[in-house]
Amino acid sequence: MIVVTGATGNVGRPLMELLGDKALGVSRPQVDLARPETLEPVVDGAEALFLLFGGELLGPDTDIAGLLDVAKAGGVRGVVLLSSQGAGTRPGMVPHSRLASFEEAVRQSSLEWTILRPSGFFTNAYAWAGGMAAAPFADVALPFVDPVDIAAVAAAALQGGHEGRTYVLTGPEAMTPRERAKALSLPFAEQSVEEARAQMSQFMPPPVVEGTLTILGSPTAEEQQVSPHVEQVTGRPATRFADWAARNAGAF
C-alpha cells in the first residue's frame, strides 16, 4: 500500500489515479500533518509515503522528523517528498528555507527517499478563469510544469527504483505570462508589482508574496532552465502548456 497525502489536490488527484488500487489517499481533516500521531493509523502496513505540505504547514512548528518516525514505525520503507525548485535555488528564502530543511530531514532519515522539486504549476492559470489574464513581469519566461507530470514522476518514484535522487520538474519550454495567456486565447493585462502584491496578499503571507515576486521578476538562470527529468523518469516528453490549455479550455 502507498499512502498519498494531499490526495484531493492538483498533484494528489492524478497521482491517486495513476496508482490505482495500490494507493490510500488522505487529506485533512483525516490526517493533520502538524500532528504526527494522526498519521499512525494510515501508515500501518504501508510500503511508501507521498508527503505534500500545504502552505500552512511550512512554519517552524511542523515536526517533519516526527512524521518520518511515525512512518517508519508503521512499516514505511520509502518516502517521496514534494518540495520546490526554490529549495535548491533559493534555500535561504521563505518558504523555500522550510522545504530545504524538510529535504534535509528526509535525507538524514533511515528511509529510502526521493525528492521532487517542481517549478511553478500550469494550474496557477486557473486564477484567470474569469476571462482576463493578469500578471506582473509579462515578458519574463519560466518553465512551468503540468501537475499531472509531477504525479507521473511521483508514481514512478513511489514504486521504487529512484531512491536517493532529487528531480527538478519543469515543462519542456520557458514561457512568459503573455505567451500563456495567448495559448488560452485570453486578453492580457500586465500588473504592476504593487497590484500583484495586493492580489497575492489575499491568500499568501507576506514573506511568501515577496519570495514569489522575486522569482517571477528576477529568476536565476537555473530557474529558467528546462529540466529533462520528467522525460527521463516517465519515458515521455513533459507536457506543453499549449496542450494543457487545450485539455482544460472549458475552465476558461
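A short reminder: the numbers here are calculations on the coordinates, not readings from a lab. Because the structure is a prediction, the values reported are computed rather than measured. We place every Cβ from the backbone using ideal geometry, glycine too, and count neighbours over all the protein chains shown.
Full extension of the chain between SER192 and THR8 gives 62.9 nm of extra length, using 0.36 nm per residue less the Cα-Cα distance.
Test of understanding: what is the full-extension gain from ALA34 to GLU47, defined as 0.36 nm times their sequence separation minus their Cα-Cα distance?
Once the chain is fully extended between ALA34 and GLU47, it gains 2.5 nm.
Each of LEU15, VAL80, PRO91 was placed along the dipole of region 9-110 (beta-carbon charges, centred on the mean Cα), and the one lying farthest toward the positive end is PRO91. Computed from the C-beta positions of ASP61 and GLU104, the FRET efficiency with R₀ = 22 Å rounds to 0.80.
Here r is the Cβ-Cβ distance between ALA141 and ARG165 and R0 is 22 Å; the resulting FRET efficiency, rounded to 0.05, is 0.25. Ellipticity at 222 nm from helices only: DSSP H runs of n ≥ 4 in the chain, each -39500 (n - 2.57), divided by the residue count, give -10000 deg cm²/dmol.
Which net charge results when you count Lys and Arg as +1 and Asp and Glu as -1 among the other residues whose beta-carbon is under 14 Å from that of GLY75? Charge balance in the 14 Å sphere: -3. For the chain, the longest principal axis of the C-alpha atoms and the axis of helix 96-108 are separated by about 30°. For every other residue with a beta carbon closer than 14 angstrom to the beta carbon of ASP139, add +1 if it is Lys or Arg and -1 if Asp or Glu, then tell me the sum. Result for the neighbourhood of ASP139: +1. Relative to one another, the C-alpha centroids of region 48-123 and region 205-252 are positioned 19 Å apart.
Available extension along the chain between ARG77 and LEU213 is 45.2 nm, counting 0.36 nm per residue and deducting the alpha carbon span. With Cβ to Cβ distances under 14 Å as the rule, what net charge do the other residues near PRO41 carry (K, R +1; D, E -1)? Taking every other residue near PRO41 into account, the sum is -3. Here region 5-87 was treated as a single set of alpha-carbon atoms; its pair distances binned every 10 Å from 0 give 17, 55, 27, 1 percent.
Computed about its Cα centre, the charge dipole of the chain is approximately 380 debye, with only Lys, Arg, Asp and Glu carrying charge at their Cβ.
A simple spin-label model places pseudo-atoms 7 Å from Cα toward Cβ; at THR220 and LYS182 they are separated by 3.0 nm. Considering only ILE215, PHE203, VAL148, whose Cα is most displaced toward the positive end of the charge dipole of the chain, charges sitting on Cβ of Lys, Arg (+1) and Asp, Glu (-1)? Of the listed residues, the answer is VAL148.
Placing unit charges on each Cβ (+1 for Lys and Arg, -1 for Asp and Glu) gives the chain a dipole about its Cα centre, and among LEU111, LEU52, VAL31 the Cα reaching farthest toward its positive end belongs to LEU52. Taking Cα atoms, how many degrees apart are the long axis of helix 206-217 and the longest axis of the chain, rounded to 10 and kept between 0 and 90? Helix 206-217 and the main axis of the chain meet at about 60 degrees.
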